[in-house]
2 protein chains.
Amino acid sequence: MTSQFENFFHVISREAAEKTIQIHLAPLGKETVSLSNALDRISAESLTAPESLPPFARSTVDGFAVKSQDTFGASEGFPVTLEVAGVISIGTLPEASLKRGKAMAIPTGGALPEGADAVVMVEHTESPDPAFVEIYRPVSPFENVVRAGEDIEKGRPVLERGRKIRPQELGLLAALGITRVSVTRKPVVGIISSGNEVVSPERVPGPGQIRDINRFTLQGLIARSGGEARFIGLTPDDEATLKDACERGLASCDLLLLSGGSSVGTRDLTLKVLEEFGGFELLAHGIAVSPGKPTIIARIGGKMIFGLPGHPVSTWVIALLFVTRAIQTLLGGRENYALAWDTAVVDGNIPSAQGREDFIRAKVTGVGRAATAFPIFSKSGVISSLAAANALIRIPLNSEGVYKGEEVAILRLP
Amino acid sequence: MTSQFENFFHVISREAAEKTIQIHLAPLGKETVSLSNALDRISAESLTAPESLPPFARSTVDGFAVKSQDTFGASEGFPVTLEVAGVISIGTLPEASLKRGKAMAIPTGGALPEGADAVVMVEHTESPDPAFVEIYRPVSPFENVVRAGEDIEKGRPVLERGRKIRPQELGLLAALGITRVSVTRKPVVGIISSGNEVVSPERVPGPGQIRDINRFTLQGLIARSGGEARFIGLTPDDEATLKDACERGLASCDLLLLSGGSSVGTRDLTLKVLEEFGGFELLAHGIAVSPGKPTIIARIGGKMIFGLPGHPVSTWVIALLFVTRAIQTLLGGRENYALAWDTAVVDGNIPSAQGREDFIRAKVTGVGRAATAFPIFSKSGVISSLAAANALIRIPLNSEGVYKGEEVAILRLP
């Protein structure tokens, strides 16, 4: 299949690329996991509380369960004396109900007896005679008490579909007895490295050769954004070999990344090979982002393929911005949890060309209003600059650059 | 072994507790992992580059390798014409060296021939006759070239001990042929849940009982901060059973968390049981942090034990602030990678008592200067408020509170 797109550079903006990705991908199927395996997975269903929490009124302090009205007017000078009608032990429901003028000793977490509506802290009482308690401060209704259903009412939403399950949500689900959760299956993301000059990192590069870097940066970004990386192979710039690798990748993965050689010839080869597949659709041939402009986004049989630029830094920037977005869309995530946007004051002038969005590696110190971004200027092939960076400064599409002291949007690289 | 500390509340500040943890723990041993398993692990050794990168001068563009001085004075009106002396293919080292007045076609990533010091982009050339190239713009020495060793010089530090290995570092190590990395062993963190009222989440709680929440929030926090959670068991408030669980936990774990019942009686029991172990040291009995003050930090036989407050929210706050610190110290991490400090403007007045540091659950919208924190006021036993929060607002030790519109430090809960 040949295409009218060949050699036609269909460059789109970052926002358009993000929309394209979201439009052309749908969330994967669900699977059920135990709570112990649910951390950082994306919820595939919206859940409501199957019961109220707590199921009974509980004390939040150690003290005495009372009828609050019995304590009104109590003070240091004129304590109220109540008869101690019993001791509530934790983990049981008090059998007797509380009568007027009486109190029951209650531990933190203990269930309030019927008739009681508040708890006086032990610190505000004295019991010279264990049969009686002197109360030195009044309590208002429900003071020091969590009412039944106060934490969560039965039927209330507790987890939205598309939310990342954090440690807090694990606790909330456990509290409600929800021990198995429906989450989106992890997208399997295939990586094909290509390039005649590229060798596997365990090999000593021959003259003119370099080691495969992108495979590893991509693996890391995929894992961090909730995908499962699968290395398909390292191929030379050869049509038949590359096509075979693509076939295997498309058959076994939900998303396919081609981290191509960096030359124009390699990029042309990538496009040529992809066009040979039935149902090939070119979604983007170039994104107005620097570094990383020569990026291909395509779709074959419902699966998305990224033709990434060869430069390690360009590949990395594009993968951070767009591959994580594709993974999130496959996960059905409400937001791109892999991107940590922030702002900082830039410490240096950064020129920029209009018509492209620049992402400049930077070292950021401080947080909040004290965050300062020091740009790292170096050539895009330089991997050490990426390791030195803890943020990317964003220069907008229609800006000619920023001046020292201006506030800029940054992406933190934690 | 009895102790003079019994019933003596040895309350220390957050900073003192952090220091205590750091002083009393040392990094665990090392293990070697492959690059594919190194993501987010903590480097156990400082590494230097075993070779220079790139090993040869490379072109960063598609174009023509030249002697830069041959292009000086070239312009659109007066192009310089050079003879094309060859085509460099990628992945090989050019055999011939470049003579004056000549050029060689070179792809991005191609190795520069001896004698060349710059590359003219193909866009700035024309070749009506393939044997010659017309150059329309001059290049300066090293323009469009990454020199040998420019990215990384042999012997330069590339990874500091104690640094978290991010996707970027994976790439840097791969580039240098470092395919196995020495990292600190993951701390095994034991969890013992206790309390007569606490039941396992898969069980339907009887009257007055509640499900174990802390086990799951702790598991999540431990995993997020690089530890390996191990559930030792759920015990009633019974001295012999709790002691047995502690013995098993101390024998099999690097760090032990007791998420006790919430009553004073349970806390006393925890301390009593721990004191029975030989070599027991009480490091903190209370931390000036709210919620979470009734926290015990102890050490037995070189292993640290946390007696956490029973309330789910208190337990969670204390685990976030201090257990993650202990895990980082065991990992030898340079910083506590689990804590994401930031700032925000608070939307509401928050009163606070002096002499304690308050951590108020909040919902934060926006980032950078636009970050606004809306406090969530609710009782500390309420787990739903924790799930609703995406940050904790910090009110300093000696503050009486903050007013709406003030800037506050926050901990983001991503």
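The values are calculated or read from the model by the stated rules, or taken from the named source; none is laboratory data. What you are looking at is a predicted structure, and each value in this text was computed from that prediction instead of being measured. Don't worry about glycine lacking a Cβ; one is built from the backbone with ideal geometry, like all the others, and counts go over all protein chains shown.
Sort out which residues of segment B:170-194 are surrounded by 21 or more Cβ atoms within 10 Å (Cβ to Cβ), touching a residue at least 40 places away in the same chain (Cβ under 8 Å) and facing chain A (nearest Cβ under 7 Å), and write them in order of number.
Within segment B:170-194, B:Leu170, B:Ala174, B:Ala175 meet the criteria.
Answer yes or no as to whether B:Gly233 is outside any loop (DSSP other than H, G, I, E, B), farther than 18 Å from B:Tyr337 by Cα and in contact with a Phe, Trp or Tyr (Cβ under 6 Å, 6 or more places away or on another chain).
No.
With respect to the numbered conditions (1) under 38 Å from the mean Cα position of the chain (by Cα); (2) farther than 21 Å from B:Ile210 by Cβ; (3) away from chain B (no Cβ under 11 Å), which one is the sole condition not fulfilled by A:Asp40?
Against the list (1) under 38 Å from the mean Cα position of the chain (by Cα); (2) farther than 21 Å from B:Ile210 by Cβ; (3) away from chain B (no Cβ under 11 Å), A:Asp40 comes up short only on (3).
Taking segment A:346-374 on its own, how many of its residues are over 17 Å from B:Gly368 (Cα atoms), in contact with a strand residue (DSSP E or B) (Cβ under 6 Å, 6 or more places away or on another chain) and in a loop (DSSP other than H, G, I, E, B)?
3
Output the number of the condition that A:Arg299 fails; it satisfies all remaining conditions of (1) surrounded by 20 or more Cβ atoms within 10 Å (Cβ to Cβ); (2) closer than 30 Å to A:Lys30 by Cα; (3) among the charged types (D, E, K, R).
The single condition A:Arg299 does not satisfy is (1).
Here is a list of conditions, (1) buried (at least 24 other Cβ atoms within 10 Å of the Cβ); (2) outside the structural domain of A:Asp254 (by TED's automatic domain parsing), and A:Val313 meets all of them except one; can you say which number that is?
(2)
How many residues does segment B:369-408 contain that are hydrophobic (A, V, I, L, M, F, W, C) and more than 8 Å from chain A (Cβ to nearest Cβ)?
Residues meeting the conditions: 12.
Could you tell me whether segment B:242-259 includes any residue that is within 14 Å of chain A (Cβ to nearest Cβ) and either assigned to a loop (DSSP other than H, G, I, E, B) or over 30 Å from B:Val183 (Cβ atoms) (or both)?
Within segment B:242-259 (the criterion being within 14 Å of chain A (Cβ to nearest Cβ) and either assigned to a loop (DSSP other than H, G, I, E, B) or over 30 Å from B:Val183 (Cβ atoms) (or both)), the answer is no, since none of the residues qualifies.
Restricting to segment A:213-228, and then to whatever is of a type in the set (Gly, Ala, Ser) and buried (at least 22 other Cβ atoms within 10 Å of the Cβ), can you tell me which residue is nearest to A:Lys303 (Cα to Cα)?
Only one residue tops the list, namely A:Gly227.
Of the conditions (1) modelled with pLDDT of 95 or more; (2) farther than 27 Å from A:Glu281 by Cβ, A:His24 fails just one. Which one is it?
The failed condition is (2).
Taking the residues in segment A:382-404 that are assigned to a loop (DSSP other than H, G, I, E, B) and surrounded by 21 or more Cβ atoms within 10 Å (Cβ to Cβ) as candidates, determine which candidate is farthest from the chain's Cα centre (by Cα).
A:Val382
Can you name the condition, by its number, that A:Gly260 falls short on among (1) of a type in the set (Gly, Ala, Ser); (2) crowded, with 24+ Cβ neighbours inside 10 Å; (3) more than 23 Å from B:Val61 (Cβ to Cβ)?
(3)
Which of the following residues is more than 18 Å from A:Gln168 (Cα to Cα), more than 14 Å from chain A (Cβ to nearest Cβ) and within 28 Å of the chain's Cα centre (by Cα): B:Gly348, B:Gly332?
After applying the criteria, what remains is B:Gly332.
Checking the conditions here, which among B:Thr365, B:Thr343, B:Thr329 is closer than 30 Å to B:Ala26 by Cβ and among the β-branched types (Val, Ile, Thr)?
Within the list B:Thr365, B:Thr343, B:Thr329, the selection yields B:Thr329.
Kindly indicate whether B:Gly162 is away from chain A (no Cβ under 11 Å), on the phi > 0 side of the Ramachandran plot and not hydrophobic (A, V, I, L, M, F, W, C).
Spelling it out, B:Gly162 is indeed away from chain A (no Cβ under 11 Å), on the phi > 0 side of the Ramachandran plot and not hydrophobic (A, V, I, L, M, F, W, C).
Before we move on, is B:Val367 of a type in the set (Val, Ile, Thr) and modelled with pLDDT under 95?
So B:Val367 passes the test.
Going by the conditions given, is A:Phe132 touching a Ser or Thr at 6+ places or on another chain (Cβ under 9 Å), surrounded by fewer than 19 Cβ atoms within 10 Å (Cβ to Cβ), in contact (Cβ under 8 Å) with a residue 24 or more places away in the chain and under 20 Å from B:Ile210 (Cα atoms)?
So A:Phe132 does not fit the description; no.
Among the listed residues A:Thr343, A:Thr324, which satisfies the condition of being assigned to a strand (DSSP E or B) and closer than 21 Å to A:Leu397 by Cβ?
A:Thr343
Output the residue which, of all residues in segment A:113-122 that are small (Gly, Ala, Ser) and surrounded by 20 or more Cβ atoms within 10 Å (Cβ to Cβ), is nearest to A:Glu83 (Cα to Cα).
A:Ala116
Among residues belonging to segment B:351-368 that are crowded, with 18+ Cβ neighbours inside 10 Å and of a type in the set (Lys, Arg), point out the one that is farthest from the other protein chains (Cβ to nearest Cβ).
Top of the filtered list is B:Arg356.
Those residues that are within 14 Å of another protein chain (Cβ to nearest Cβ) and over 44 Å from the mean Cα position of the chain (by Cα), I need them from segment A:119-152; list them, please.
Result: A:Thr125, single match.
Can you name every one of the strands (runs of 3 or more DSSP E) wholly within segment A:1-95 that holds 3 or more residues which are farther than 30 Å from A:Thr108 by Cβ and in contact (Cβ under 8 Å) with a residue 60 or more places away in the chain?
In segment A:1-95, the matching strands (runs of 3 or more DSSP E) lie at A:30-34.
Looking at segment A:196-213, I want the residues that are at the interface with chain B (Cβ under 7 Å from one of its Cβ atoms) and have a partner that is surrounded by 19 or more Cβ atoms within 10 Å (Cβ to Cβ) and among the acidic types (Asp, Glu) with Cβ atoms under 7 Å, at least 6 apart or on another chain. Which pairs are those?
Note: pairs meeting the criteria are A:Asn196/A:Asp237; A:Pro201/A:Asp212; A:Gly208/A:Glu197; A:Gln209/A:Glu197; A:Ile210/A:Glu197.
Confirm whether B:Gly292 is modelled with pLDDT of 95 or more and assigned by TED's automatic domain parsing to the domain that holds B:Ile327.
It is false that B:Gly292 is modelled with pLDDT of 95 or more and assigned by TED's automatic domain parsing to the domain that holds B:Ile327.
Pull up segment A:96-112, narrow it to residues that are part of a loop (DSSP other than H, G, I, E, B) and surrounded by 22 or more Cβ atoms within 10 Å (Cβ to Cβ), then point me to the one that is farthest from the other protein chains (Cβ to nearest Cβ).
A:Leu98
In this structure, does A:Asp268 turn out to be within 14 Å of chain B (Cβ to nearest Cβ), crowded, with 18+ Cβ neighbours inside 10 Å and modelled with pLDDT under 95?
No.
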